[in-house]
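Heads up: the structure comes next, in structure tokens.
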Amino acid sequence: MVGLKEELLKSIWHAFTALDLDRSGKVLSHNLCTVLNVPHDPVALEEHFRDDDEGPVSNQGYMPYLNKFILEKVQGNFDKVEFNRMCWTLCAKKNLSKSPLLISDEDAFKVWVIFNFLSEDKYPLIIVPEEIEYLLKKLTEAMGAGWQQEQFDHYKIALNTSREGLSAWELIDLIGSGQFSKGMDRQTVSMAINEVFNELILDVLKQGYMLKKGHKRKNWMERWFVLKPNIISYYVSEDLKDKKGDIILDGNCCVEALPDRDGKKCLFLIKCLDKSFEISASDKKKKQEWIQAIQTTVNLLRAGSPPPHKEARQKRKELRQKLLAEHEELERQMKELQTANENKQKELETVRKQLEAAAARAAEEEKKRLQTQVELQDRFSLELEREKMVRQKMEEQVAQKSSELEQYLQRVRELEEMYKQLQGALEDEKQARQDEETVRKLQARLLEEESAKRAELEKWHLQQQQTIQMTEAEKQELENQRMIKEQALQVAMQQLKQLELERKEALEQYEEVKKKLETAANNTKSWKDKVAHHEGLIRLIEPGSKNPHLITNWGPAAFTEAELEQRQKSWKGKKATSE
């Protein structure tokens with residue numbers, strides 16, 4: 001019923017789109033109910049077509065009514081040709097071309113019905129190029145002409161560039177123009193259209209004149225036989241006006257050839273459950289064709305398959321749907337590839353821009369680097385020139401020092417005794433600091449001895465003061481002793497001062513010799529060899545700390561000025577205590 005409904009809707013769609021629904025919708029509904037043998041429902045019809053805003057102003061308003069009150073009630077007991085002719089009458093006048101055609105209106109009607117059978121199941125209805133080719137091949141075969149494939153290919157290319165297919169009226173114009181039936185007269189074209197119409201629309205699988213043996217009189221009469229998917233009808237003539245009977249076919253029927261008898265040739269028998277029919281064909285070829293056609297029909301009934309032309313149409317549609325799905329899938333993949341390509345192009349463009357930006361930055365950095373390198377080269381050149389000047393000055397100083405070296409050598413010989421005292425310190429460069437520390441400890445010890453001597457002098461002084469308090473006799477004696485002690489103290493003080501002067505002088509000579517030795521050691525190697533020859537192991541005294549040091553009779557002191565002040569405060573405290 002679904003397939004039947006789809007076939008009915010296609011014809012109704014043509015009539016529906018050709019009418020003014022507000023004025024003619026009732027007429028279309030009445031006609032449909034009449035030709036489809038559906039009971040009229042005047043109440044529902046008037047309710048649906050009442051004069052208000054909910055009336056059927058479009059197919060959205062009319063189609064629900066059509067489905068509910070007409071199509072759902074169709075049982076199949078109606079004349080399809082009469083139904084199609086009613087719809088054709090409503091739409092042909094408005095849509096049929098006014099230009100003269102090589103086919104009659106009846107033939108145009110049949111082409112229109114064939115269009116509805118072969119068209120796609122979508123609206124607006126069109127017939128695709130593959131179905132056009134199928135129909136034109138069938139017509140060409142029915143006319144007994146040769147198929148011009150190349151001509152149709154050119155037409156198909158021109159058609160595909162402008163649209164997906166043809167409408168019913170364009171198909172009628174194409175066949176009526178004689179473009180694919182050149183050299184054929186109107187009658188031949190009309191017979192071909194009628195043959196294709198009978199096969200595709202009326203489900204006529206085979207038809208023709210044969211002799212049939214009667215059941216009662218047993219006489220042989222010529223009849224026009226029409227084979228359909230489930231029935232064989234026979235008529236008096238091919239105009240189909242006087243029907244004589246039907247042979248109902250089902251899966252239990254069979255057909256078999258019979259030998260010639262009673263003067264009749266090319267006999268075959270159709271066996272059904274309740275009856276058998278003896279038939280005589282005009283020749284052996286017709287006999288074989290009829291036997292094969294009837295047997296094929298019975299086999300289809302047993303398998304429950306549709307007629308060959310409908311099955312072929314379904315397969316072509318499925319193939320087109322498959323190809324369309326593949327094409328859509330291919331287009332989807334192409335779009336995905338295109339999108340991916342565009343994204344890749346965008347990524348490449350982004351990467352290119354990033355590379356260009358990176359190249360620009362690299363060029364800028366390279367420029368800066370070159371500029372920095374040039375600046376550094378200039379700076380290095382200036383420093384090199386400065387180094388050269390400094391080296392030249394140093395060489396001049398070395399030359400000057402070399403001249404002074406001879407003078408220093410004489411003084412060095414005078415100081416050989418002092419070098420002998422420093423020989424232990426100059427033996428190894430690594431022991432210099434330890435030796436210096438030993439000297440400092442020695443200086444500290446000397447300072448302590450000096451401090452003790454000062455304390456002893458203070459003690460003598462205290463004793464002198466105590467002696468003054470004694471008796472005059474003792475005082476005189478003590479005065480003499482004091483004078484002696486004072487003299488001794490003065491002598492000691494003079495000796496101390498003399499030691500300090502000698503120490504300072506020795507220290508100055510030591511510093512002077514140290515500087516001379518350092519300069520001589522850095523600027524000339526030969527001088528070291530000479531000194532080593534005379535002195536043995538000699539190590540130049542390196543400069544000490546830059547902080548000021550106290551000087552004693554034995555050289556630099558081993559403590560700082562702050563420590564000396566602390567010691568002086570300690571001595572004064574002891575002196576005050578003793579007094």
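Per residue, the accessible area of the chain comes to 65 Å², computed with a 1.4 Å probe over protein heavy atoms only. Counting only trypsin sites (Lys or Arg not before Pro) that DSSP places in a loop and that have at most 12 other Cβ atoms within 10 Å, the longest clean stretch of the chain runs over 276-545.
Heavy-atom surface analysis with a 1.4 Å probe gives the chain a carbon and sulfur content of 51 percent of its accessible area. In order along region 343-350, the phi-based Karplus estimate (6.51 cos²θ - 1.76 cosθ + 1.60, θ = phi - 60°) of 3J(HN,Hα) comes to 4, 5, 4, 5, 4, 5, 5, 4 Hz; Gly and Pro are listed as x. For the set Leu66, Leu478, solvent exposure ranked by accessible area (probe 1.4 Å, protein chains only) runs largest to smallest as Leu478, Leu66. The GluC sites (Glu not before Pro) found in region 87-176 that occupy coil by DSSP, while having at most 12 further C-beta atoms within 10 Å, are Glu164. Given the options Phe109, Ala168, Phe78, identify the residue whose Cα lies farthest towards the positive end of the charge dipole of region 1-201 (+1 on Cβ of Lys, Arg; -1 on Cβ of Asp, Glu). About the Cα centre, the residue reaching furthest to the positive side is Phe109.
Between 0 and 90 degrees, the angle of helix 21-35 with respect to the longest Cα principal axis of the chain falls at about 60 degrees. The phi-based Karplus calculation (6.51 cos²θ - 1.76 cosθ + 1.60; θ = phi - 60°) puts the 3J(HN,Hα) values of region 334-341 at 5, 5, 4, 5, 5, 4, 4, 5 Hz, whole numbers, x for Gly and Pro.
The Cβ shell under 13 Å around Glu150 holds other residues with a net charge of -1, Lys and Arg each +1, Asp and Glu each -1. Net charge dipole, the chain: roughly 3340 debye, given to the nearest 20, about the Cα centre with Cβ charges of +1 for Lys and Arg and -1 for Asp and Glu. Residues whose amide H falls under 5 Å from that of Lys228, counting only those 5 or more places apart or on a different chain, are Leu205, Ser233, with hydrogens built in the peptide plane. For Leu249, the residues 5 or more places off, or on other chains, whose built amide H falls under 5 Å of its own are Ile231, Ile232.
Listed options for Cα Rg over 2.2 N^0.38 Å are [x] 2.43; [y] 2.67; [z] 2.83. The value calculated from this structure is the one marked [z].
Each residue of region 235-249 was assigned a 3J(HN,Hα) from its phi angle through the Karplus expression (A = 6.51, B = -1.76, C = 1.60, θ = phi - 60°), giving 10, 5, 9, 7, 7, 6, 7, 10, 7, 9, x, 10, 10, 6, 9 Hz with x at Gly and Pro. Inter-part distance, region 74-117 to region 200-264, computed on C-alpha centroids, equals 29 Å.
The largest accessible area among His327, His309 belongs to the first residue in His327, His309, and the rest follow in falling order (1.4 Å probe, all chains). Near the amide H of Leu422, within less than 5 Å, lie no amide hydrogens of residues on another chain or at least 5 residues away, with H placed in the peptide plane.
The values are calculated or read from the model by the stated rules, or taken from the named source; none is laboratory data. Please read these numbers as outputs of a predicted model, since none were measured by experiment. Virtual Cβ from ideal backbone geometry, glycine too; neighbours counted across all protein chains shown. With ligands, DNA and RNA removed, areas are computed over all heavy atoms of the protein, side chains included. Shrake-Rupley method; radii C 1.70, N 1.55, O 1.52, S 1.80 Å.
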